1. What is the one condition in (1) out of contact with any helix residue (DSSP H, G or I) (no Cβ under 9 Å at 6 or more places or on another chain); (2) more than 26 Å from residue A:85 (Cα to Cα) that residue A:31 does not satisfy?
2. Would you mind listing the helices (runs of 4 or more DSSP H) fully within the range B:1-52 where at least 3 residues are under 42 Å from the mean Cα position of the chain (by Cα), modelled with pLDDT of 80 or more and basic (Lys, Arg)?
3. Looking at the range B:259-359, what helices (runs of 4 or more DSSP H) fall wholly within it and have at least 2 residues that are at pLDDT 70 or above?
4. Filter the range B:36-62 down to the residues that are buried (at least 18 other Cβ atoms within 10 Å of the Cβ), in contact with a Ser or Thr (Cβ under 9 Å, 6 or more places away or on another chain) and within 8 Å of chain A (Cβ to nearest Cβ) and list them by number.
5. Taking the conditions exactly as written (facing chain A (nearest Cβ under 10 Å), more than 30 Å from residue B:337 (Cβ to Cβ) and either among the β-branched types (Val, Ile, Thr) or surrounded by fewer than 23 Cβ atoms within 10 Å (Cβ to Cβ) (or both)), does residue B:33 satisfy them or not?
6. Within the range A:10-59, how many residues are in contact (Cβ under 8 Å) with a residue 60 or more places away in the chain and surrounded by fewer than 23 Cβ atoms within 10 Å (Cβ to Cβ)?
7. Would you please name the residue that is nearest to the chain's Cα centre (by Cα), looking only at residues in the range B:205-221 that are surrounded by 15 or more Cβ atoms within 10 Å (Cβ to Cβ), within 30 Å of residue B:176 (Cα to Cα) and not small (Gly, Ala, Ser)?
8. Are any of the residues in the range B:76-94 crowded, with 16+ Cβ neighbours inside 10 Å, within 11 Å of chain A (Cβ to nearest Cβ) and part of a loop (DSSP other than H, G, I, E, B)?
Amino acid sequence: MTEPAFFILTALVDEPRHGYGIVGEVATLSDGRVRLKIGTLYGVLDRLVGDGLVERDRDEVQQGRLRRYYRLTESGHRSLTDETERQAANARAATERLQAWRPASQGWAS
Amino acid sequence: MTRLEERYRRVLRLLPASYREVWEEDMVSTFLATVETDDREQAEYLADYGRPGWDEVASIVALAIRLRFASSGAPPRYATWAEAIRLAALAGLLVNAAASTVVLVLTLWRAGMIPLIPAPAPLPEPPGYPAAWHRLFMLAALAGLLWLPAFLALVLGRRAMARWLALAAVLAAILSTAATVAFAQQLLTGELCYGLLIDAVLVLALTTFTRGAAPVQYRSWLLAFVLGTAVIAAYSLVLFQPTTPFPPLDWAGLECVMLVTAAAVHISVIATRRQLRIVAWTPALAILAFVVLGLRLVSLSDYSRFGSSGWHPATVPLGIAEAVVVGATAIVLVLLSARTLRRLPATGADATAWSTSSR
(Lines give C-alpha, C1' and ligand atoms only; values in the text may rest on other atoms or scores of the structure.)
Protein backbone atom coordinates (compact mmCIF):
# COMPACT_ATOMS: atom_id res chain seq x y z
CA MET A 1 0.00 0.00 0.00
CA THR A 2 1.39 3.39 -0.98
CA GLU A 3 1.73 6.18 1.57
CA PRO A 4 -1.02 8.38 -0.01
CA ALA A 5 -3.41 5.38 -0.09
CA PHE A 6 -2.60 4.61 3.55
CA PHE A 7 -3.32 8.18 4.65
CA ILE A 8 -6.48 8.49 2.53
CA LEU A 9 -7.91 5.31 4.10
CA THR A 10 -6.92 6.58 7.54
CA ALA A 11 -8.60 9.94 6.85
CA LEU A 12 -11.88 8.12 6.16
CA VAL A 13 -11.90 5.94 9.29
CA ASP A 14 -13.90 8.25 11.54
CA GLU A 15 -16.33 9.81 9.06
CA PRO A 16 -17.09 10.21 5.34
CA ARG A 17 -15.20 13.12 3.77
CA HIS A 18 -15.17 14.97 0.46
CA GLY A 19 -12.03 15.50 -1.63
CA TYR A 20 -10.96 18.74 0.04
CA GLY A 21 -11.73 17.26 3.45
CA ILE A 22 -9.45 14.31 2.69
CA VAL A 23 -6.62 16.63 1.56
CA GLY A 24 -6.86 18.58 4.83
CA GLU A 25 -7.15 15.49 7.04
CA VAL A 26 -4.16 13.80 5.39
CA ALA A 27 -2.06 16.94 5.98
CA THR A 28 -3.12 16.90 9.66
CA LEU A 29 -2.49 13.16 10.09
CA SER A 30 1.00 13.44 8.60
CA ASP A 31 1.91 16.64 10.47
CA GLY A 32 1.94 18.52 7.17
CA ARG A 33 4.44 16.14 5.58
CA VAL A 34 2.02 14.68 2.99
CA ARG A 35 0.24 17.36 0.97
CA LEU A 36 -1.88 15.59 -1.61
CA LYS A 37 -2.11 17.14 -5.06
CA ILE A 38 -5.47 16.75 -6.81
CA GLY A 39 -4.07 14.42 -9.48
CA THR A 40 -2.55 12.19 -6.81
CA LEU A 41 -5.72 12.21 -4.67
CA TYR A 42 -8.08 11.22 -7.48
CA GLY A 43 -5.62 8.73 -8.99
CA VAL A 44 -5.52 6.92 -5.64
CA LEU A 45 -9.26 7.35 -4.96
CA ASP A 46 -10.11 5.83 -8.36
CA ARG A 47 -7.96 2.82 -7.49
CA LEU A 48 -9.39 2.48 -3.98
CA VAL A 49 -12.95 2.66 -5.34
CA GLY A 50 -11.97 0.14 -8.04
CA ASP A 51 -10.56 -2.23 -5.38
CA GLY A 52 -13.71 -1.85 -3.26
CA LEU A 53 -11.86 -0.27 -0.30
CA VAL A 54 -13.70 3.07 -0.57
CA GLU A 55 -17.19 3.86 -1.81
CA ARG A 56 -19.29 6.91 -2.55
CA ASP A 57 -21.27 8.08 0.48
CA ARG A 58 -23.42 11.01 -0.71
CA ASP A 59 -23.42 14.09 -2.93
CA GLU A 60 -24.04 17.58 -1.57
CA VAL A 61 -24.20 20.90 -3.38
CA GLN A 62 -22.57 23.82 -1.56
CA GLN A 63 -22.41 27.31 -3.13
CA GLY A 64 -23.40 25.75 -6.46
CA ARG A 65 -20.59 23.21 -6.31
CA LEU A 66 -20.77 19.45 -6.10
CA ARG A 67 -19.27 17.93 -2.98
CA ARG A 68 -18.97 14.18 -3.18
CA TYR A 69 -18.35 12.35 0.06
CA TYR A 70 -16.49 9.05 0.31
CA ARG A 71 -16.51 6.45 3.08
CA LEU A 72 -14.45 3.43 4.02
CA THR A 73 -15.94 0.02 3.19
CA GLU A 74 -15.68 -3.07 5.41
CA SER A 75 -12.99 -4.34 3.10
CA GLY A 76 -11.16 -1.00 3.31
CA HIS A 77 -11.30 -1.17 7.10
CA ARG A 78 -9.79 -4.69 7.09
CA SER A 79 -7.14 -3.72 4.57
CA LEU A 80 -6.09 -0.68 6.63
CA THR A 81 -6.00 -2.79 9.82
CA ASP A 82 -3.76 -5.37 8.13
CA GLU A 83 -1.47 -2.66 6.77
CA THR A 84 -1.24 -0.94 10.16
CA GLU A 85 -0.31 -4.23 11.85
CA ARG A 86 2.31 -4.93 9.18
CA GLN A 87 3.84 -1.46 9.56
CA ALA A 88 3.78 -1.74 13.37
CA ALA A 89 5.58 -5.11 13.20
CA ASN A 90 8.17 -3.64 10.85
CA ALA A 91 8.67 -0.65 13.12
CA ARG A 92 9.06 -2.94 16.17
CA ALA A 93 11.67 -5.06 14.42
CA ALA A 94 13.63 -2.00 13.31
CA THR A 95 13.40 -0.39 16.75
CA GLU A 96 14.73 -3.54 18.46
CA ARG A 97 17.67 -3.69 16.06
CA LEU A 98 18.43 0.00 16.52
CA GLN A 99 18.34 -0.30 20.30
CA ALA A 100 20.70 -3.29 20.26
CA TRP A 101 23.13 -1.61 17.89
CA ARG A 102 26.12 0.35 19.14
CA PRO A 103 28.50 2.11 16.74
CA ALA A 104 31.95 0.50 16.51
CA SER A 105 33.68 3.68 17.75
CA GLN A 106 31.43 3.75 20.82
CA GLY A 107 32.35 0.11 21.55
CA TRP A 108 36.08 0.95 21.50
CA ALA A 109 35.58 3.96 23.72
CA SER A 110 33.74 2.00 26.37
CA MET B 1 -17.27 29.77 -14.68
CA THR B 2 -14.18 31.76 -13.62
CA ARG B 3 -11.02 32.01 -15.68
CA LEU B 4 -9.20 29.93 -13.07
CA GLU B 5 -11.76 27.14 -13.39
CA GLU B 6 -11.50 27.29 -17.19
CA ARG B 7 -7.73 26.98 -16.96
CA TYR B 8 -7.96 24.05 -14.58
CA ARG B 9 -10.50 22.26 -16.78
CA ARG B 10 -8.13 22.79 -19.71
CA VAL B 11 -5.40 20.97 -17.78
CA LEU B 12 -7.85 18.16 -16.97
CA ARG B 13 -8.32 17.58 -20.70
CA LEU B 14 -5.01 15.70 -20.52
CA LEU B 15 -6.93 12.91 -18.79
CA PRO B 16 -8.84 10.31 -20.82
CA ALA B 17 -12.42 11.45 -21.59
CA SER B 18 -13.96 8.41 -19.90
CA TYR B 19 -12.02 9.18 -16.72
CA ARG B 20 -13.09 12.83 -16.76
CA GLU B 21 -16.70 11.76 -17.13
CA VAL B 22 -16.51 10.13 -13.69
CA TRP B 23 -14.13 12.42 -11.81
CA GLU B 24 -13.92 15.88 -13.43
CA GLU B 25 -16.61 17.74 -11.46
CA ASP B 26 -15.30 16.39 -8.18
CA MET B 27 -11.70 17.27 -9.09
CA VAL B 28 -12.66 20.82 -10.08
CA SER B 29 -14.66 21.28 -6.88
CA THR B 30 -11.75 20.05 -4.73
CA PHE B 31 -9.21 22.14 -6.62
CA LEU B 32 -11.26 25.32 -6.25
CA ALA B 33 -11.71 24.58 -2.54
CA THR B 34 -7.92 24.38 -2.12
CA VAL B 35 -7.46 27.90 -3.54
CA GLU B 36 -10.39 29.48 -1.69
CA THR B 37 -9.55 32.45 0.51
CA ASP B 38 -11.49 34.71 2.91
CA ASP B 39 -9.89 37.82 1.43
CA ARG B 40 -12.51 38.92 -1.14
CA GLU B 41 -10.10 41.05 -3.17
CA GLN B 42 -7.57 38.24 -3.44
CA ALA B 43 -10.33 35.78 -4.28
CA GLU B 44 -11.45 37.98 -7.19
CA TYR B 45 -7.89 38.41 -8.38
CA LEU B 46 -7.31 34.63 -8.24
CA ALA B 47 -10.55 33.92 -10.09
CA ASP B 48 -9.46 36.17 -12.96
CA TYR B 49 -5.69 35.76 -13.06
CA GLY B 50 -4.97 32.64 -11.05
CA ARG B 51 -3.52 29.53 -12.65
CA PRO B 52 -3.15 26.01 -11.33
CA GLY B 53 0.34 25.68 -9.82
CA TRP B 54 3.01 23.66 -11.64
CA ASP B 55 2.83 20.98 -8.94
CA GLU B 56 -0.93 20.57 -9.51
CA VAL B 57 -0.36 20.42 -13.28
CA ALA B 58 2.45 17.89 -12.77
CA SER B 59 0.14 15.68 -10.70
CA ILE B 60 -2.44 15.72 -13.51
CA VAL B 61 0.23 14.94 -16.14
CA ALA B 62 1.50 12.06 -13.99
CA LEU B 63 -2.05 10.74 -13.58
CA ALA B 64 -2.69 11.02 -17.34
CA ILE B 65 0.50 9.06 -18.08
CA ARG B 66 -0.25 6.45 -15.43
CA LEU B 67 -3.80 5.95 -16.67
CA ARG B 68 -2.68 5.45 -20.24
CA PHE B 69 0.58 3.54 -19.85
CA ALA B 70 0.93 2.15 -16.35
CA SER B 71 0.90 -1.58 -15.87
CA SER B 72 -0.41 -2.03 -12.38
CA GLY B 73 -3.38 -0.16 -11.07
CA ALA B 74 -4.50 1.17 -14.45
CA PRO B 75 -8.09 0.44 -15.52
CA PRO B 76 -8.33 -2.53 -17.97
CA ARG B 77 -8.71 -0.33 -21.08
CA TYR B 78 -5.46 1.52 -20.43
CA ALA B 79 -3.68 -1.55 -19.10
CA THR B 80 -4.46 -3.23 -22.44
CA TRP B 81 -3.28 -0.18 -24.35
CA ALA B 82 -0.01 -0.10 -22.36
CA GLU B 83 0.47 -3.82 -23.00
CA ALA B 84 -0.09 -3.17 -26.73
CA ILE B 85 2.68 -0.56 -26.75
CA ARG B 86 5.02 -2.99 -24.99
CA LEU B 87 4.20 -5.77 -27.46
CA ALA B 88 4.76 -3.43 -30.43
CA ALA B 89 8.08 -2.29 -28.91
CA LEU B 90 9.16 -5.89 -28.36
CA ALA B 91 8.27 -6.77 -31.96
CA GLY B 92 10.23 -3.76 -33.22
CA LEU B 93 13.22 -4.72 -31.09
CA LEU B 94 12.97 -8.31 -32.36
CA VAL B 95 13.05 -7.20 -36.02
CA ASN B 96 16.04 -4.91 -35.34
CA ALA B 97 17.89 -7.64 -33.44
CA ALA B 98 17.22 -10.31 -36.07
CA ALA B 99 18.07 -8.01 -38.99
CA SER B 100 21.28 -6.73 -37.41
CA THR B 101 22.41 -10.28 -36.59
CA VAL B 102 21.82 -11.36 -40.19
CA VAL B 103 23.51 -8.25 -41.61
CA LEU B 104 26.60 -8.73 -39.44
CA VAL B 105 26.94 -12.44 -40.29
CA LEU B 106 26.51 -11.72 -44.00
CA THR B 107 28.97 -8.82 -43.87
CA LEU B 108 31.58 -10.96 -42.12
CA TRP B 109 30.93 -13.83 -44.55
CA ARG B 110 31.27 -11.64 -47.61
CA ALA B 111 34.48 -10.19 -46.19
CA GLY B 112 35.84 -13.75 -45.85
CA MET B 113 36.07 -13.38 -42.06
CA ILE B 114 34.10 -16.51 -41.15
CA PRO B 115 36.52 -19.43 -40.93
CA LEU B 116 35.79 -22.72 -42.74
CA ILE B 117 33.00 -21.19 -44.87
CA PRO B 118 34.34 -19.81 -48.13
CA ALA B 119 33.35 -16.24 -48.97
CA PRO B 120 30.77 -15.82 -51.76
CA ALA B 121 31.50 -14.13 -55.07
CA PRO B 122 31.79 -10.37 -54.50
CA LEU B 123 28.78 -8.19 -55.14
CA PRO B 124 29.01 -5.67 -57.95
CA GLU B 125 30.70 -2.54 -56.63
CA PRO B 126 28.19 0.31 -56.18
CA PRO B 127 29.10 2.97 -58.75
CA GLY B 128 31.13 5.86 -57.38
CA TYR B 129 31.71 4.31 -53.94
CA PRO B 130 35.16 5.02 -52.47
CA ALA B 131 37.40 2.19 -51.24
CA ALA B 132 36.44 2.87 -47.61
CA TRP B 133 32.82 1.82 -48.07
CA HIS B 134 33.46 -1.81 -47.07
CA ARG B 135 34.98 -0.76 -43.77
CA LEU B 136 32.23 1.79 -43.08
CA PHE B 137 29.50 -0.72 -43.77
CA MET B 138 31.29 -3.23 -41.51
CA LEU B 139 31.35 -0.58 -38.78
CA ALA B 140 27.63 0.11 -39.29
CA ALA B 141 26.91 -3.64 -39.11
CA LEU B 142 28.86 -3.92 -35.84
CA ALA B 143 27.04 -0.89 -34.39
CA GLY B 144 23.68 -2.43 -35.34
CA LEU B 145 24.54 -5.53 -33.36
CA LEU B 146 23.79 -3.60 -30.14
CA TRP B 147 20.11 -4.34 -30.84
CA LEU B 148 20.70 -8.03 -30.10
CA PRO B 149 21.78 -7.66 -26.42
CA ALA B 150 19.07 -5.00 -25.99
CA PHE B 151 16.42 -7.48 -27.14
CA LEU B 152 17.85 -10.34 -25.05
CA ALA B 153 18.10 -8.12 -21.95
CA LEU B 154 14.44 -7.09 -22.30
CA VAL B 155 13.23 -10.63 -22.89
CA LEU B 156 15.25 -11.93 -19.91
CA GLY B 157 13.84 -9.25 -17.57
CA ARG B 158 16.83 -6.86 -17.45
CA ARG B 159 14.65 -3.88 -18.39
CA ALA B 160 16.93 -0.99 -17.35
CA MET B 161 19.85 -2.62 -19.16
CA ALA B 162 17.67 -3.12 -22.25
CA ARG B 163 16.76 0.59 -22.29
CA TRP B 164 20.40 1.69 -22.07
CA LEU B 165 21.51 -0.78 -24.74
CA ALA B 166 18.68 0.31 -27.08
CA LEU B 167 19.63 3.97 -26.53
CA ALA B 168 23.25 3.09 -27.34
CA ALA B 169 22.07 1.21 -30.45
CA VAL B 170 20.14 4.29 -31.69
CA LEU B 171 23.11 6.60 -31.07
CA ALA B 172 25.41 4.12 -32.85
CA ALA B 173 22.94 3.93 -35.76
CA ILE B 174 22.85 7.73 -36.04
CA LEU B 175 26.67 7.93 -36.00
CA SER B 176 27.18 5.09 -38.48
CA THR B 177 24.52 6.53 -40.81
CA ALA B 178 26.19 9.95 -40.64
CA ALA B 179 29.57 8.31 -41.39
CA THR B 180 28.32 6.31 -44.39
CA VAL B 181 26.52 9.39 -45.77
CA ALA B 182 29.55 11.64 -45.28
CA PHE B 183 32.34 9.29 -46.32
CA ALA B 184 30.83 6.53 -48.48
CA GLN B 185 28.46 8.66 -50.56
CA GLN B 186 25.50 6.76 -49.21
CA LEU B 187 22.33 8.61 -50.22
CA LEU B 188 20.49 10.11 -47.26
CA THR B 189 17.22 8.46 -48.18
CA GLY B 190 13.86 8.92 -46.52
CA GLU B 191 13.99 5.24 -45.55
CA LEU B 192 17.23 5.78 -43.59
CA CYS B 193 15.81 8.82 -41.75
CA TYR B 194 12.50 7.04 -41.10
CA GLY B 195 14.35 4.02 -39.68
CA LEU B 196 16.25 6.26 -37.25
CA LEU B 197 13.04 8.03 -36.21
CA ILE B 198 11.29 4.73 -35.52
CA ASP B 199 14.32 3.50 -33.55
CA ALA B 200 14.15 6.64 -31.39
CA VAL B 201 10.42 6.13 -30.79
CA LEU B 202 11.17 2.50 -29.94
CA VAL B 203 13.56 3.60 -27.18
CA LEU B 204 10.84 5.88 -25.78
CA ALA B 205 8.34 3.00 -25.93
CA LEU B 206 10.69 0.89 -23.81
CA THR B 207 9.97 3.23 -20.88
CA THR B 208 6.52 1.60 -20.63
CA PHE B 209 8.24 -1.53 -19.31
CA THR B 210 7.73 -0.31 -15.76
CA ARG B 211 8.25 -2.34 -12.60
CA GLY B 212 4.62 -3.47 -12.53
CA ALA B 213 4.56 -4.65 -16.16
CA ALA B 214 3.87 -8.34 -16.68
CA PRO B 215 7.03 -10.37 -17.34
CA VAL B 216 7.88 -11.04 -20.96
CA GLN B 217 7.11 -14.60 -22.09
CA TYR B 218 10.74 -15.25 -22.91
CA ARG B 219 10.35 -18.69 -24.49
CA SER B 220 7.86 -17.44 -27.10
CA TRP B 221 9.94 -14.36 -27.86
CA LEU B 222 13.19 -16.31 -28.17
CA LEU B 223 11.44 -18.72 -30.53
CA ALA B 224 10.09 -15.74 -32.50
CA PHE B 225 13.64 -14.36 -32.67
CA VAL B 226 14.95 -17.64 -34.14
CA LEU B 227 12.10 -17.73 -36.69
CA GLY B 228 12.50 -14.03 -37.58
CA THR B 229 16.27 -14.45 -38.03
CA ALA B 230 15.69 -17.48 -40.28
CA VAL B 231 13.18 -15.57 -42.46
CA ILE B 232 15.43 -12.51 -42.76
CA ALA B 233 18.50 -14.69 -43.43
CA ALA B 234 16.68 -16.60 -46.19
CA TYR B 235 15.51 -13.33 -47.73
CA SER B 236 19.00 -11.79 -47.50
CA LEU B 237 20.60 -14.81 -49.18
CA VAL B 238 18.20 -14.34 -52.11
CA LEU B 239 18.73 -10.56 -52.11
CA PHE B 240 22.53 -10.51 -52.00
CA GLN B 241 23.22 -12.64 -55.05
CA PRO B 242 25.93 -11.37 -57.36
CA THR B 243 23.33 -11.17 -60.12
CA THR B 244 21.13 -8.19 -60.93
CA PRO B 245 18.41 -7.14 -60.82
CA PHE B 246 17.32 -7.76 -57.24
CA PRO B 247 14.12 -9.74 -56.58
CA PRO B 248 10.87 -7.73 -56.67
CA LEU B 249 10.36 -7.86 -52.89
CA ASP B 250 12.47 -5.17 -51.20
CA TRP B 251 13.04 -4.83 -47.42
CA ALA B 252 9.88 -2.73 -46.89
CA GLY B 253 7.99 -5.33 -48.93
CA LEU B 254 9.26 -8.11 -46.68
CA GLU B 255 8.06 -6.18 -43.61
CA CYS B 256 4.65 -5.74 -45.30
CA VAL B 257 4.41 -9.50 -45.91
CA MET B 258 5.42 -10.31 -42.30
CA LEU B 259 2.92 -7.78 -40.90
CA VAL B 260 -0.02 -8.94 -43.02
CA THR B 261 0.75 -12.60 -42.20
CA ALA B 262 0.91 -11.83 -38.46
CA ALA B 263 -2.38 -9.86 -38.66
CA ALA B 264 -4.13 -12.69 -40.51
CA VAL B 265 -2.98 -15.25 -37.92
CA HIS B 266 -4.00 -12.94 -35.06
CA ILE B 267 -7.47 -12.20 -36.43
CA SER B 268 -8.13 -15.92 -36.77
CA VAL B 269 -6.92 -16.50 -33.17
CA ILE B 270 -8.89 -13.71 -31.41
CA ALA B 271 -12.13 -15.28 -32.53
CA THR B 272 -11.50 -18.06 -30.00
CA ARG B 273 -9.28 -16.64 -27.20
CA ARG B 274 -9.82 -13.56 -25.06
CA GLN B 275 -6.90 -13.24 -22.64
CA LEU B 276 -5.39 -9.78 -22.08
CA ARG B 277 -2.20 -10.68 -23.98
CA ILE B 278 -4.14 -11.89 -27.01
CA VAL B 279 -6.53 -8.91 -26.91
CA ALA B 280 -3.60 -6.48 -26.58
CA TRP B 281 -2.08 -7.85 -29.80
CA THR B 282 -4.87 -6.18 -31.85
CA PRO B 283 -3.83 -2.58 -31.01
CA ALA B 284 -0.17 -3.70 -31.02
CA LEU B 285 -0.51 -4.92 -34.60
CA ALA B 286 -2.43 -1.74 -35.51
CA ILE B 287 0.57 0.32 -34.28
CA LEU B 288 2.97 -1.92 -36.22
CA ALA B 289 0.77 -1.70 -39.34
CA PHE B 290 1.10 2.10 -39.37
CA VAL B 291 4.87 1.87 -38.80
CA VAL B 292 5.22 -0.57 -41.73
CA LEU B 293 2.86 1.47 -43.91
CA GLY B 294 5.01 4.55 -43.21
CA LEU B 295 8.14 2.62 -44.20
CA ARG B 296 6.49 1.39 -47.40
CA LEU B 297 5.35 4.88 -48.43
CA VAL B 298 8.69 6.48 -47.57
CA SER B 299 10.62 3.86 -49.57
CA LEU B 300 8.28 4.32 -52.54
CA SER B 301 8.91 8.05 -52.37
CA ASP B 302 12.67 7.29 -52.35
CA TYR B 303 12.25 5.30 -55.57
CA SER B 304 10.54 8.26 -57.20
CA ARG B 305 13.21 10.69 -55.92
CA PHE B 306 16.37 8.69 -56.48
CA GLY B 307 15.22 6.17 -59.12
CA SER B 308 14.82 2.43 -58.68
CA SER B 309 17.64 1.30 -60.96
CA GLY B 310 19.07 -2.03 -59.89
CA TRP B 311 15.74 -3.15 -58.47
CA HIS B 312 13.37 -5.48 -60.28
CA PRO B 313 10.93 -3.61 -62.58
CA ALA B 314 8.04 -5.07 -60.57
CA THR B 315 9.32 -3.63 -57.25
CA VAL B 316 7.49 -0.28 -57.48
CA PRO B 317 4.09 -1.61 -58.72
CA LEU B 318 4.33 -4.38 -56.11
CA GLY B 319 5.23 -1.78 -53.49
CA ILE B 320 2.10 0.21 -54.29
CA ALA B 321 -0.02 -2.94 -53.99
CA GLU B 322 1.68 -3.71 -50.64
CA ALA B 323 0.90 -0.20 -49.40
CA VAL B 324 -2.78 -0.69 -50.28
CA VAL B 325 -2.95 -4.10 -48.54
CA VAL B 326 -1.12 -2.88 -45.41
CA GLY B 327 -3.33 0.25 -45.33
CA ALA B 328 -6.46 -1.92 -45.48
CA THR B 329 -5.03 -4.21 -42.77
CA ALA B 330 -4.29 -1.16 -40.60
CA ILE B 331 -7.90 0.05 -40.94
CA VAL B 332 -9.30 -3.38 -40.00
CA LEU B 333 -6.95 -3.57 -36.99
CA VAL B 334 -7.88 -0.04 -35.84
CA LEU B 335 -11.60 -0.86 -36.04
CA LEU B 336 -11.09 -4.12 -34.15
CA SER B 337 -8.91 -2.36 -31.54
CA ALA B 338 -11.48 0.40 -31.03
CA ARG B 339 -14.24 -2.17 -30.54
CA THR B 340 -12.12 -4.23 -28.13
CA LEU B 341 -10.89 -1.26 -26.08
CA ARG B 342 -14.35 0.35 -25.90
CA ARG B 343 -15.69 -2.77 -24.20
CA LEU B 344 -13.06 -2.57 -21.43
CA PRO B 345 -13.63 -0.34 -18.37
CA ALA B 346 -11.78 2.98 -18.47
CA THR B 347 -11.86 3.84 -14.76
CA GLY B 348 -11.20 1.89 -11.59
CA ALA B 349 -14.80 2.45 -10.52
CA ASP B 350 -16.11 1.02 -13.82
CA ALA B 351 -13.73 -1.92 -13.49
CA THR B 352 -15.39 -3.02 -10.26
CA ALA B 353 -18.84 -3.07 -11.87
CA TRP B 354 -17.38 -4.79 -14.95
CA SER B 355 -15.62 -7.55 -13.00
CA THR B 356 -18.76 -8.13 -10.89
CA SER B 357 -21.05 -8.29 -13.92
CA SER B 358 -18.68 -10.52 -15.94
CA ARG B 359 -18.35 -13.12 -13.15
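The values are calculated or read from the model by the stated rules, or taken from the named source; none is laboratory data. Since the structure is predicted, the reported quantities are computational estimates derived from the model, not experimental observations. Glycine also receives a Cβ, built like all others from the backbone with ideal geometry; neighbour counts cover every protein chain displayed.
1. The number of the failed condition is (2).
2. Answer list for the range B:1-52: B:3-12.
3. The helices (runs of 4 or more DSSP H) meeting that bar are B:276-306, B:315-343.
4. Answer for the range B:36-62, where residues must be buried (at least 18 other Cβ atoms within 10 Å of the Cβ), in contact with a Ser or Thr (Cβ under 9 Å, 6 or more places away or on another chain) and within 8 Å of chain A (Cβ to nearest Cβ): B:56, B:59.
5. So residue B:33 fits the description; yes.
6. Matching residues across the range A:10-59 total 2.
7. The qualifying residue nearest to the chain's Cα centre (by Cα) is B:206.
8. No, because not a single residue in the range B:76-94 is crowded, with 16+ Cβ neighbours inside 10 Å, within 11 Å of chain A (Cβ to nearest Cβ) and part of a loop (DSSP other than H, G, I, E, B).
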